[in-house]
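The values are calculated or read from the model by the stated rules, or taken from the named source; none is laboratory data. Quantities reported herein were computed from a predicted structural model and do not represent experimental measurements. Counting neighbours? That spans all protein chains shown, and the Cβs are built from the backbone with ideal geometry, glycine included. These area figures cover heavy atoms from the full protein model, side chains too; ligands, DNA and RNA do not enter into them. Shrake-Rupley method; radii C 1.70, N 1.55, O 1.52, S 1.80 Å.
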Amino acid sequence: MSFIIHFSNKNDFDIHNIGNKAKTLIETSHLSLPVPQGFVLTTHFFEPWWDKIKILDEWHKLLEHPSIELATNIKAKILTFHFSGIQKNSLEIGLKSVDVSRLLSVRSSAIDEDLSHFSYAGLYATYLGISCDALETYIAKVFSSMFDERVVDYKINKNLSFEDSRIAIIIQEQIHSDVSGVTFSINPNNNCFDELVINANFGLGETIVSGQVTPDTYILEKHTGQILSYTLSDKTIASYISKEGGTVNTNLINSRADTLSHDHLKEIVSLAIQLEKHYGKPVDLEWAFENESLYLLQVRPITTYIPLFPELVTQPGQRKKLYLDHNMVSQGLTQPLSVSTADIWAEIVEKLEFDIFPKGDGGFMINLHGRQYIDVSNMLKGMGKKYTLSVIKEYSESVMTALKSVDLNDYKSEVKPKLAKRSKLGVLRTALTVLPLLVKSRTNLDGLVKECYQIENEVYDYFKKPLDEGQALDMQIKTAIDVLYKSVIHQGVLIVGMLSLMKLEKLFSSSQLKSEISSLGMDLEANRTKKMSKMMFDLASSNTFLAIKSKEDFVNHALEGSFPQVFQTEYDKYMTLYGNRCYKELDLASERMSEQPGNFYDQLISINITDNQNIHINKKQETAYKRLLEVATQHKFEKAFIKHAHIYQSLFGFRESPKFLLTHFIGQFRLLLLGISDDFVHNKRLDNRSQIFDLHIHQIMQAQSHADLNLRVLIEENLKPYKKVAHVRYWPVLIDSRGKIIREVRSSTSSDLVGEAISPGLVTGRARVLHSPHEKKVEPGDILVTRSSEPSWIPVFSNASGVVLEVGGSLQHGAIIAREYGLPCVIGIHDIYTRIHDGDLIKVDGNSGIVRILNRKDH
């Protein structure tokens, strides 16, 4: 049991006894880096004090009912503690490793930071410029800061136990800082691996921490040392170490002077690169200059940055690549797909998007570890800038605008991609598919609609039946995609419908009827998602459901099939049609709604049946149509209006058909894989049936014919890349091969957020910020605020009065449903979860794309 550990100690030590801050100081000392000499008082050093604390009445009361008052009483008693004999002896041994003629710093190294996912940064006390004679007093002060009001308040709010409270303390030679600062070896503002950010000020760093001074900021190219930008701030005050001990503030005469010379910058960059190389990831470091000598005061590996999969990375100095997250912009998928799903999804997208995005070497689509990226660099070279931007605009106008903010020539591939010809043929195939449908919409619209329904029913009937267990999995996938392709061929009717919508917008361009034109898209007969929403509303508002007393009661009836006959019939019909729809419905690993009646109950109970969009949309659409017809008649283009409104309303609802059919295939294939998995579990090759989704399709096929194949080893290898990015909650939509996140730059103020106008209208209400559709209830009048959405969000939309999204475009699900319900909608508000808080009073202007924060809710 060690009471102290010197920085020079090369023996093994337990981080749980010294904390991460002390650990990194010891490690970097061994790298011969300029770390001031020092030692650590381990948690064992303070056991005599803990023995005293644990017999206090206040301590036992604090464990049962935490309060600031109890903690303050404990802190006061700690400040009266004195060292035991063994503590004094240990401290004397420690002081032999430092120059006792110098002043010392006394800093915490909190163990809590290593035992939880919570950050205690800046909460514990630090004391600078301390003499040896005063060490006992200041060690007690740092130790007692575990019971400071701010620490206690933090723990109470986070519901953290005080029983695990422990602290180590660092004693270190004090650096008399002429200049000090912090360096990030990655740019935290844009995630760029090649940019290094330095914040610097005169004297100690305390003036920055206390908010007295804004530091100078330098952004450098890490590998060349080139200064990309710098900002000199007005540094009116500096804090220095007093010769007598402690610190003293000084008013600066030349407050806007440069804090760092080129030589200083060069040294800092070199130190940051060394540390980054050692830790194998970006770092942030605290440093100081004393008499032109650089010292490292602290280093922390940065864990919150977004790493790139190695397959996407180019080396420093090489030509960079640019990637667009296809799953995010096309489907609103914020998290990676499971391993087996990603295999299937790659095949589906390539085939059903007519080979416009061929995958593989020299193609336009990259499939990696559950994510799917469009290789924008290859598209720029193979298809040209104009075409690339037009394609991306269909997904998201804000992403297209972001692309325009950078020099795309810097990203364009140097060699023409091998599969560019396939993509061009895909574009041609799309055009040839649309042309006959366009002609038929003008000559026999009813026949075309009937044909679309017929194809939808044929594909649906195919996927109603269980898949053939005797057919190889890869052939099952190929056959299924060929069947789905039948419905996708007729998706050209969406383009026909869009052309008619564009014609309507042109006809009424001089009128203020944008909202009415949008309302024409409500309540479309062919829209499967609308039908699903209507069925959910009918079930939620039925007397049978209203009489159900609890979720448990509902689940029991659902599992037993014992609802009253009429409700049971409607429930079974819903599950037959839409039971494969669920949260993250494109993922095989997601449990279907038909498997989890409790989740379906949560959706139904969340629907407000007295004030719901399903009640209003039909009337809104009829009112809008009458108003437009009135204006068209007045301006003598009523025939054109009736014709194009009929085409648009007849065809555009089929946009949801492929997704509806796809979920049936996903549901049936999930059941097929689970059946195979049950055999693997029975034979003890897997621990549980859901693990099969962590295997690639070809691995499952191999396992079926090779009983000795170790599936657990394969799964562990498959999931390694997933685990490396498991901390990433919000994936960027656009990122380059050196980690730089490309965002649209839009002017906005703290109260006005500028996005993309998606669905017209103006609404004011309280923001209801959700990360998932079942997180909390959205009440009538609330405005839904989230990053992206998919069909499982429908009950939430039906309650909301407006929608604000971070990711998506005019044809993504959230935008379509918002327009269908006539909800004002704005998309493209970057960093939405930090800029809009739950309960804020906001105004959403779906005409201009502006979200105004009227009043912040107290948090």
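Here are some notes:
- Computed from phi, the 3J(HN,Hα) profile of the range 219-224 under the Karplus parametrisation 6.51, -1.76, 1.60 (θ = phi - 60°) reads 10, 10, 6, 4, 8, 10 Hz, with x in place of Gly and Pro.
- Under the convention that each Lys and Arg Cβ holds +1 and each Asp and Glu Cβ holds -1, the size of the dipole of the range 197-298 around its Cα centre is about 160 debye.
- Rounded to the nearest 10 degrees, the angle from helix 262-279 to the longest Cα principal axis of the chain is 70 degrees.
- Rel. contact order, % - alpha carbon contacts under 8 angstrom, at least six apart, the range 144-252: 18
- Nonlocal amide H pairs with LEU297, under 5 Å, H built at 1.01 Å: GLU286, TRP287, ALA288
- Computed from the C-beta positions of LYS857 and TYR730, the FRET efficiency with R₀ = 22 Å rounds to 0.50.
- Using Cβ point charges alone (K and R +1, D and E -1), the dipole size of the range 786-859 about the Cα centre works out to roughly 160 debye.
- Taking 0.36 nm per residue of separation and subtracting the Cα-Cα distance, full extension of the segment from THR610 to LYS534 would add 26.0 nm.
- The residues of the range 1-129 expose on average 49 square angstrom of accessible surface per residue, using a 1.4 Å probe on protein heavy atoms.
- Rounded to the nearest 10 degrees, the angle from helix 597-606 to the longest Cα principal axis of the chain is 90 degrees.
- Annotation for the range 355-446: GluC sites (Glu not before Pro) lying in DSSP loop with at most 11 further Cβ atoms inside 10 Å of their Cβ are GLU414.
- Rounded percent of accessible protein surface that carbon and sulfur make up, the chain, 1.4 Å probe: 51
- Around the amide H of THR247, modelled in the peptide plane, lie the amide H atoms of SER242, all under 5 Å away and 5 or more residues distant in sequence or on another chain.
- The phi torsions of the range 692-706, fed into the Karplus equation with coefficients 6.51, -1.76 and 1.60 and a -60° offset, translate into couplings of 4, 6, 8, 10, 6, 4, 5, 6, 5, 5, 4, 5, 5, 10, 10 Hz, rounded to whole numbers, with Gly and Pro shown as x.
- Solvent accessible area, Å² - GLU69, 1.4 Å probe, full protein context: 130
- Phi to ³J(HN,Hα) by Karplus 6.51 cos²θ - 1.76 cosθ + 1.60 over the range 391-397, Hz, x for Gly, Pro: 5, 5, 4, 4, 7, 7, 5
- Using C-alpha pairs under 8 Å with a sequence gap of at least 6, the mean separation divided by the residue count of the range 512-606 gives a relative contact order of 28 percent.
- Cα-based reach from LYS158 at 15 Å (exclusive), listing aspartates and glutamates while leaving out same-chain residues under 8 positions away: ASP112, GLU113, GLU149
- Separation of alpha-carbon centers, the range 780-859 and the range 672-695, rounded to whole Å: 40
- Under a 5 Å amide H cut-off, with hydrogens placed 1.01 Å from N, GLN372 pairs with HIS326, ASN327 among residues at least 5 apart or on other chains.
- FRET efficiency for PHE13 and ILE156, using Cβ-Cβ distance with R0 set to 30 Å, rounded to 0.05: 0.40
- Remark: the Cα gyration tensor places the chain in the prolate category, a/c being 1.5 or greater and a/b exceeding b/c.
- Pairwise centroid distance, computed over Cα atoms, of the range 527-568 with the range 1-39, Å: 63
- In terms of packing, defined here as the mean over residues of other Cβ atoms within 10 angstrom, the peptides 629-636, 417-424, 369-376 line up highest first as 369-376, 417-424, 629-636.
- Relative contact order (%) - criterion: Cα under 8 Å, at least six apart; region: the chain: 11
- Over 20 Å (Cα to Cα) - which of LYS281/LYS412; LYS551/LYS776; LYS23/LYS266; LYS506/LYS639; LYS21/LYS52 fall in this group: LYS281/LYS412; LYS23/LYS266; LYS21/LYS52
- Calculated [222 nm] ellipticity per residue, helices only, for the chain: -14000 deg cm²/dmol; basis is -39500 (n - 2.57) per DSSP H run with n ≥ 4, divided by all residues, nearest 500.
- Axis of helix 638-651 versus longest Cα principal axis of the chain: the two differ by about 70°, to the nearest ten degrees.
- Taking only the C-alpha atoms of the range 404-494, the Rg (one decimal) and the largest Cα-Cα distance, Dmax (whole number), read 19.1, 53 Å.
- For the range 454-490 versus the range 351-404, the inter-centroid distance based on Cα atoms is 27 Å.
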